[in-house]
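The values are calculated or read from the model by the stated rules, or taken from the named source; none is laboratory data. On a predicted model such as this, the values are computed, not experimentally measured, just so you know. Here the Cβ positions follow ideal geometry from the backbone for every residue, glycine too, while neighbour counts run over all protein chains shown. We work out accessible area using only protein heavy atoms, side chains counted, and drop any ligands, DNA or RNA first. Shrake-Rupley method; radii C 1.70, N 1.55, O 1.52, S 1.80 Å.
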Amino acid sequence: MTRNRGITIGIVGAGKIGATIATLLESCAFCDTVVLADVRTGVKIAGLGKASVARLDADKRSALTAFVKRCDAIVSAVPYFFNRQIVEACARARVAYFDLTEDVATTTLVRTLAQETKGVTFIPQCGLAPGAVNIVGGALAASLDSVRSVEMRVGALPLAASNQMKYYLSWSTAGLINEYCQLGEALHEGRRIATLPLDGVERLTIDGVEYEAFNTSGGVATMCETFEGRVGELNYKTMRYPGHRDLMKFLLQDLNLARQQELLRQIFDQEVPLTDHDVVVFYVSTVGTSGGELVQRSFVKKIRGGTVEGRHLSAIQLSTAAGIVAVLELFARGAVAKSFVRQESITFDEFLSTQWGGRVYGGGEPRQP
């Protein structure tokens, strides 16, 4: 794809992540125009010269279709249950689609529409996890001659927490609860298996801090399908401070709130504080053979928040937005296929060659360009 101009990117959802994506795009040469679409009024874009705001109700099919047609690419930055109508609108209009979802059913729909809509790019599961963690995991696996195991662990955590949960909210409550309730997927002895949410508890220590990790859904993305029969053990787990999982299991399973997710979301939104003082802990470890030797290769990083375009961004905002903006840059370069694209098909070198992939995941601190 060769372009003589920057592309126009539409972002459906002007919440914390949607606004952060627009903030990072402000400094990107591949993008001329950003349109933030939201049903709410009062979206603040002060200081963002490329951005404008459009009032949009994503449930109104005709309005959504008209908005999509204005853009070269659409980013869905709304709760996962809105993604269906957005990706369907992109398919009808033949406009490239990107999302941040960890919801498995959403990704299945995106794949189906991509198969029916030839010559259009569809890239779900961008962001942090799924997203960057799959790019790193795929790259480490590809660097080995044979692969015994791939372990992916990510935690978006408060820098300090004094409540019993040892957790404050830093991203979508609906997405958080959904990944705690749905079946996950893993490879065991090279075969795909389902994993129960909140199971598989383990302890690990990174830089002297102890964490627990347990099964959640979505973070493995499409990697089990990609590496089935080629990797012995492959799994993804969410990291939290020790004790969090037991309380979640009490709420979701003992009190059966997994069947009343809307009620639990309301409780969390009302009673669990929000924080922007957070850290993202990112850990991928692979074991396999290289040159006839058994080796372990890993990628470990702690990502903190920073100030970009005069705006303070939390660690989860920065790491998530950087993941999808990097993929958008690859799309603008013509470096991704015009079809359904798996995260692990993107090489880590390609990812790091992008402006924000390199800054956030390559070791540089976030800074003004």
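Filtered by the rule that a residue be of a type in the set (G, A, S), modelled with pLDDT of 95 or more and surrounded by 23 or more Cβ atoms within 10 Å (Cβ to Cβ), the stretch 195-218 gives a lone residue, A213.
Test R61 against the stated conditions and say whether it is in contact (Cβ under 8 Å) with a residue 24 or more places away in the chain, out of contact with any Lys or Arg (no Cβ under 6 Å at 6 or more places or on another chain), open to solvent by 70 Å² or more (accessible area, probe 1.4 Å) and farther than 18 Å from K338 by Cβ. Considered against the rule, which asks whether it is in contact (Cβ under 8 Å) with a residue 24 or more places away in the chain, out of contact with any Lys or Arg (no Cβ under 6 Å at 6 or more places or on another chain), open to solvent by 70 Å² or more (accessible area, probe 1.4 Å) and farther than 18 Å from K338 by Cβ, R61 comes out as yes. Checking the stretch 298-316 against the condition returns a match, with at least one residue being open to solvent by 10 Å² or more (accessible area, probe 1.4 Å), β-branched (V, I, T) and either modelled with pLDDT under 95 or over 16 Å from the mean Cα position of the chain (by Cα) (or both). State whether the residues of the stretch 245-253 include one that is touching a helix residue (DSSP H, G or I) at 6+ places or on another chain (Cβ under 7 Å), in a helix (DSSP H, G or I) and touching a residue at least 60 places away in the same chain (Cβ under 8 Å). For the stretch 245-253, residues touching a helix residue (DSSP H, G or I) at 6+ places or on another chain (Cβ under 7 Å), in a helix (DSSP H, G or I) and touching a residue at least 60 places away in the same chain (Cβ under 8 Å): present. Of all residues in the stretch 329-357, which are within 22 Å of T23 (Cα to Cα) and surrounded by fewer than 16 Cβ atoms within 10 Å (Cβ to Cβ)? The one that is within 22 Å of T23 (Cα to Cα) and surrounded by fewer than 16 Cβ atoms within 10 Å (Cβ to Cβ): R333.
Could we say that A93 is buried (at least 16 other Cβ atoms within 10 Å of the Cβ) and either in contact (Cβ under 8 Å) with a residue 60 or more places away in the chain or within 22 Å of the chain's Cα centre (by Cα) (or both) here? Here the answer is no, as A93 does not meet what is asked. Scanning the stretch 38-56 for residues that are under 24 Å from the mean Cα position of the chain (by Cα) and open to solvent by 50 Å² or more (accessible area, probe 1.4 Å) yields a count of 4. Only one entry of Y236, Y168 meets the criterion of being within 17 Å of G137 (Cβ to Cβ), touching a residue at least 60 places away in the same chain (Cβ under 8 Å) and aromatic (F, W, Y), and that entry is Y236.
Give A322, A335, A326 a once-over and let me know the one that is more than 19 Å from the chain's Cα centre (by Cα) and outside any strand (DSSP E or B). Step through it out loud before you land on a result.
Working: A322 fails: more than 19 Å from the chain's Cα centre (by Cα); A326 fails: more than 19 Å from the chain's Cα centre (by Cα).
Going through A322, A335, A326 in turn, just one is more than 19 Å from the chain's Cα centre (by Cα) and outside any strand (DSSP E or B): A335.
Restricting the search to helices (runs of 4 or more DSSP H) fully inside the stretch 1-119 and requiring at least 3 residues that are charged (D, E, K, R) gives 83-93.
Tallying residues that are buried (at least 23 other Cβ atoms within 10 Å of the Cβ) and of a type in the set (G, A, S) within the stretch 97-113 yields 0. For the stretch 242-263, the count of residues that are within 20 Å of V133 (Cα to Cα), touching a Lys or Arg at 6+ places or on another chain (Cβ under 7 Å) and open to solvent by less than 40 Å² (accessible area, probe 1.4 Å) is zero.
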